[in-house]
Amino acid sequence: MFKDKIAVVTGGARGIGKAVTEEFQKAGARVCVIDLLPNDYYVGDLAEQTVLENFARKVIADFGHVDYLVNNALPLMKGLDTCTYEEFNYALQVGVTAPFYLTKLFAPHFAPGAAIVNISSSRDRMSQPQTESYTAAKGGISALTHALAVSLAGRVRVNSISPGWIDTDSTVYEGPDAFQQPAGRVGRPSDIASMVLYLCSEKAGFITGENICIDGGMIRQMIYHNDFGWSLEEKESR
């Protein structure tokens, strides 16, 4: 299904992006990675317009077309107390502007049956304190997904995935960290990579504009004060 297909993966040098890259390669695809970290294809900062343009130009020069675009690069996570104006904009450039602009650059070159998968986060619908830059970027890419799906209707399917807690460092989590998840464990990069390949496949040919949350069921779990021994302590007034 993926033999000799051309897949572009942003942030593909580690974590979820690396897992996606490896799964595409196992399936026979040729993968073009862009990341700030060392990799075999292109090292560059997705926040820079010229980097995006040079990267897209290289992909088309090398392969002539794109079958799959996976926008996965990780935005900066900083919060209200410490995030500067420049840092907030940087998070949005990496997390929202780059996916939009790469889609625009590749738009004339998407092959028939092409698909885009954007990696959002369950933080697109819930938050922890002091995560505004990351959460805003993830909310933005979730909304960008259905906008692009409509604009590219009949040409490219566009979907997004919202991962929950995904262990990207091969840590063994036991006890409450695992058991708090309705699925009974912390997520793995392979959980997300499998869905990326499914959404790119012909099996998902009737799915577009959708966001799929993969978080072990955490988004569906209601917890109130005094549930399961958990209690809320009021913050001391400043």
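Since every read-out is calculated from the coordinates, none of them should be taken as a lab result. These numbers come from a predicted model, not from an experiment. Methodologically, a virtual Cβ is constructed for each residue, glycine included, from the backbone with ideal geometry; neighbour enumeration extends over all protein chains shown.
Based only on other Cβ atoms within 10 Å, what is the fewest-to-most ordering of Thr131, Thr171, Thr103, Thr21?
Ordered by Cβ neighbours within 10 Å, fewest first: Thr171, Thr131, Thr103, Thr21.
Only Lys, Arg, Asp and Glu count, each charged at its Cβ (+1, +1, -1, -1), so figure out the dipole size of the stretch 6-229 about its Cα centre, rounded to 20 debye.
Roughly 620 debye for the stretch 6-229.
Between Thr171 and Ala107, what is the spin-label point distance in nm, taking each point 7 Å from the Cα along the Cα→C-beta axis?
Label-label distance for Thr171 and Ala107, simple model: 4.1 nm.
Within the set Lys26/Lys138; Lys5/Lys104; Lys26/Lys78; Lys5/Lys138; Lys5/Lys58; Lys58/Lys203, which residue pairs have Cα atoms separated by over 26 Å? Can you show the working numbers first?
Values: Lys26/Lys138 28 Å; Lys5/Lys104 20 Å; Lys26/Lys78 36 Å; Lys5/Lys138 28 Å; Lys5/Lys58 16 Å; Lys58/Lys203 30 Å.
Listed pairs above 26 Å: Lys26/Lys138; Lys26/Lys78; Lys5/Lys138; Lys58/Lys203.
If you add up the charges near Leu37, with Lys and Arg at +1 and Asp and Glu at -1, over every other residue whose beta carbon is less than 13 angstrom from its beta carbon, what do you get?
-1
For the stretch 147-238, build the charge dipole from Cβ charges (+1 Lys, Arg; -1 Asp, Glu) around the Cα centre, then report which of Gly229, Ser151, Tyr173 sits farthest towards its positive end.
Ser151
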